[in-house]
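The values are calculated or read from the model by the stated rules, or taken from the named source; none is laboratory data. Please read all numbers here as calculations on a predicted model, not as lab measurements. Here the Cβ positions follow ideal geometry from the backbone for every residue, glycine too, while neighbour counts run over all protein chains shown. The protein model used for the area step is the full one, side chains on, heavy atoms only, and it has no ligands, DNA or RNA in it. Shrake-Rupley method; radii C 1.70, N 1.55, O 1.52, S 1.80 Å.
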Amino acid sequence: LNKYGKHLRNNVVSMSTYNYQFKRNYLIDEKVDVSISMYGGEPERLQLDDVDFKILKILSADARITTAEIGNKLGIIPNTIKYHVTKLTKLGIIQGYRLFMDLDKIGYEWYKSLISLRDISESKQRQILTFCKSFPEMLYFVQSFGSWDVEIELNVKSNADFRRIWTELRNKFSEN
């Protein structure tokens, strides 16, 4: 706000409660698993040691780094690094690795919709989440608390594709 506040008309804060991240299924032509990773919900305190934190710091800077390279940086054998990464994955701290792309170079556009619902029941949000899973272009489904109830993010080839998906969503859940 200090840097860009003079360029903003207004400012709204929203807190996410559950975040569902979809795979980028639109990049491949075959039918694939539509499983998602979820983060958020009730926080849980876990005990991590110094090595865990150092590994997370290194991975956050370069997720493609090898266990041998991490081991060299920390002075620890690769098998120990592998043990810690496996443990962090089983605990759900590491849930995956994210790809950042220049969408213009592959002919896609990014869209985000902020959706307010009349019926914000868990059941209705689950129905919308299930519906969103059917679109390979869907990236995120976020349940939030604030001026809107749901956020969705998509990568599509055109504004027309976005409007098609948005129209299907509105038609299916018109009562909301």
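Sub-7 Å Cβ pairs linking a first residue in the range 147-171 that is within 17 Å of Pro136 (Cβ to Cβ) and open to solvent by less than 70 Å² (accessible area, probe 1.4 Å) to a second residue that is among the polar types (S, T, N, Q) and assigned to a strand (DSSP E or B), at least 6 apart or interchain, are Ile152/Ser113, ordered by first then second residue. Among the residues making up the range 59-79, those that are crowded, with 16+ Cβ neighbours inside 10 Å and not polar (S, T, N, Q) are Leu59, Ile70, Gly71, Leu74, Ile76.
Summed over the range 112-140, the residues that are within 17 Å of the chain's Cα centre (by Cα) and in a loop (DSSP other than H, G, I, E, B) give a count of 4. Residue pairs whose Cβ atoms lie under 6 Å apart, sitting 6 or more positions apart in sequence or on different chains, and linking a residue in the range 47-63 that is more than 16 Å from Leu91 (Cβ to Cβ) to a partner that is surrounded by fewer than 16 Cβ atoms within 10 Å (Cβ to Cβ) and at pLDDT below 95, are Ala63/Tyr97.
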